[in-house]
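Trainee: Would you mind keeping the following structure in view while I ask a few things?
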Amino acid sequence: MTMTFSADEDFALQLDRDDPLHHLRDKFHLPLGGDGKPVIYFAGNSLGLMPKSARQIVDGELDNWAKLGVDAHHATGTPWYWYHEALREPTARFVGALSLEVICMNSLTVNLHLMMATFYRPTKSRSKVLMEEPAFPSDTYAIKTQLIHHGLDPKDALVLAHPRKGEFTVRTEDILDLIDEHADHLAVMIMGAVNFFTGQLVDIEKITAAAQKHGIVVGFDLAHAAGNVPLSLHEWNVDFAVWCSYKYLNAGPGAVAGAFVHERHATNTKLPRLAGWFGNDPNTRFRLHLEPEFVPVPSADGWQISNPPIFSMAPLRASLSIFHEADGMEPLRAKSVKLTGYLEFLIEQIGSKKFSLITPADPSARGAQLSIQAHEHPTQVHEQLIAAGVKCDFREPNVIRVAPTPLYNTFHEVWRFAQILAQHQ
Ligand SMILES: *Cc1c(COP(=O)(O)O)cnc(C)c1O
């Protein structure tokens, strides 16, 4: 897809007038700057903005608690006991899964550990784990401690796919070569679908097929992919995936996370797992002390441990209904590709002496985020952006991450951002 952009302000304004999703911005609270005007919020890759409808939905659950006490588990419109059911269908849609393959529970890193407990069963010959570098630290800590938990040394058992010298993103061919090289010794590979630092979107389908050919179990961390790029986990045959819902999914700080377990595993009640009562067959769950044998639900629910955290789930309902109004990921992705492409175009206009991008130029190899390398006085650039009312983040030594999100950002904000960036001396 080639798009012709213009650096004229009128052009940006026209793109906003032509944007069929423009009205969705009104559904979010926009943080205000010192001048009382909304900041340019490009930090949706860290914490998505609050849907206005979240307050009402959380208030509703507080009211249910106040009025009904324990009876709210069964008595309300969305009974607490079954609350995760209200999230199931919309969740399955945005990751491209069957409804029995997804469950909203816990937080991301916890879910990663739970999935590893099932899928990482090292043997003498197959004990290695492949992951990317740099990975988000929590994933690195989780995987390293998984290895140590099994009595292995990460120095021997961890295989890292990293960018070549002088490059920033990992080449697919290098990942495939590593898989081939360690084919007989790899038990699991786990990779960020969209890298938190570079914004690179990897070829999930290709990598999954290549690893599975050798009997390697394949998991993806979708923290930066969920709600950002279209996914087809079931069709791509991914074994498992985990994600959080406070980034592009706008469900609020520490909101309930999600997990995907492919149908062929989800229905296998023989798989070992770390269990709790909510993974048990609901028909016998409440027999409590009478049921010492764990009988897993034959779906992703079989990995659920505790009763659903209502107050960290309620805002996700608000957000998912906005995704529904947007008509799902396809229209959002179409706008996102344009929004990010426009930002790229405007940054390139400023010139590569000052700024260059470490995010892939190919729209199919990235999501909303661009990671900008600032070549001159990077910390000052970031400070100037903040002072001018831009919310974005800075990663040492010189990378500014910006994520214009199609649900609430505008083309004119992208244009204004580029103006501010261009003013930097
Ligand atoms: C945001 C993020 C996390 C955060 O983990 P939590 O368990 O939700 O605190 C972990 N991994 C990746 C790749 C992330 O982007």
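None of the figures in this text is laboratory data; all of them are computed from the coordinates on show. In this text the structure is predicted, and so the values were computed from the model without any measurement. Don't worry about glycine lacking a Cβ; one is built from the backbone with ideal geometry, like all the others, and counts go over all protein chains shown.
Trainee: Assign one of three labels to segment 35-131, namely rounded, prolate or oblate, based on the Cα gyration tensor with a ≥ b ≥ c the square roots of its eigenvalues; rounded applies when a/c is under 1.5, prolate when it is not and a/b is larger than b/c, and oblate otherwise.
Mentor: Oblate shape, in that a/c is at least 1.5 and b/c is the bigger or equal ratio.
Trainee: Right, something else. What is the local net charge at VAL381, summed over the other residues whose Cβ is closer than 14 Å to its Cβ (Lys, Arg +1; Asp, Glu -1)?
Mentor: Spelling it out: positives minus negatives among the neighbours equals 0.
Trainee: Could you list the GluC sites (Glu not before Pro) in segment 130-222 that lie in coil according to DSSP, counting only those with at most 15 other Cβ atoms within 10 Å of their Cβ? Spell out each step's value before the answer.
Mentor: On the way: sites: GLU132, GLU167, GLU173, GLU181, GLU205; in loops: GLU167.
Loop-located and lightly packed - GLU167.
Trainee: I'd like the GluC sites (Glu not before Pro) in segment 321-393 restricted to DSSP loop residues with at most 12 other Cβ atoms within 10 Å, sorted by number.
Mentor: For GluC sites (Glu not before Pro) across segment 321-393 that sit outside H, G, I, E and B with at most 12 neighbouring Cβ atoms in 10 Å, the list reads GLU376.
Trainee: Is the shape of segment 8-79 rounded, prolate or oblate, going by the alpha carbon gyration tensor and its root eigenvalues a ≥ b ≥ c, with a/c under 1.5 for rounded and a/b larger than b/c for prolate?
Mentor: Prolate, because a/c is 1.5 or more and a/b exceeds b/c.
Trainee: Next up: If we count every other residue with Cβ under 11 angstrom of ILE190's Cβ, Lys/Arg +1 and Asp/Glu -1, where does the sum land?
Mentor: The answer is -4.
Trainee: Hey, another quick one. Would you please name the trypsin sites (Lys or Arg not before Pro) within segment 103-212 that are DSSP coil residues with at most 14 other C-beta atoms within 10 Å of their C-beta?
Mentor: Values: sites: LYS124, ARG126, LYS128, LYS144, LYS155, ARG164, LYS165, ARG171, LYS206; in loops: LYS124, ARG126, ARG164, LYS165, ARG171.
Sparse-neighbourhood loop trypsin sites (Lys or Arg not before Pro): LYS124, ARG164, LYS165, ARG171.
Trainee: Once you order the gyration tensor axes a ≥ b ≥ c over the Cα atoms, which shape class does the chain get: rounded for a/c under 1.5, otherwise prolate or oblate by comparing a/b with b/c?
Mentor: Cα axes put the chain in the oblate bin.
Trainee: With the contact rule set at Cα under 8 Å and sequence spacing of 6 or more, what percent relative contact order holds for the chain?
Mentor: Relative CO of the chain lands at 23 percent.
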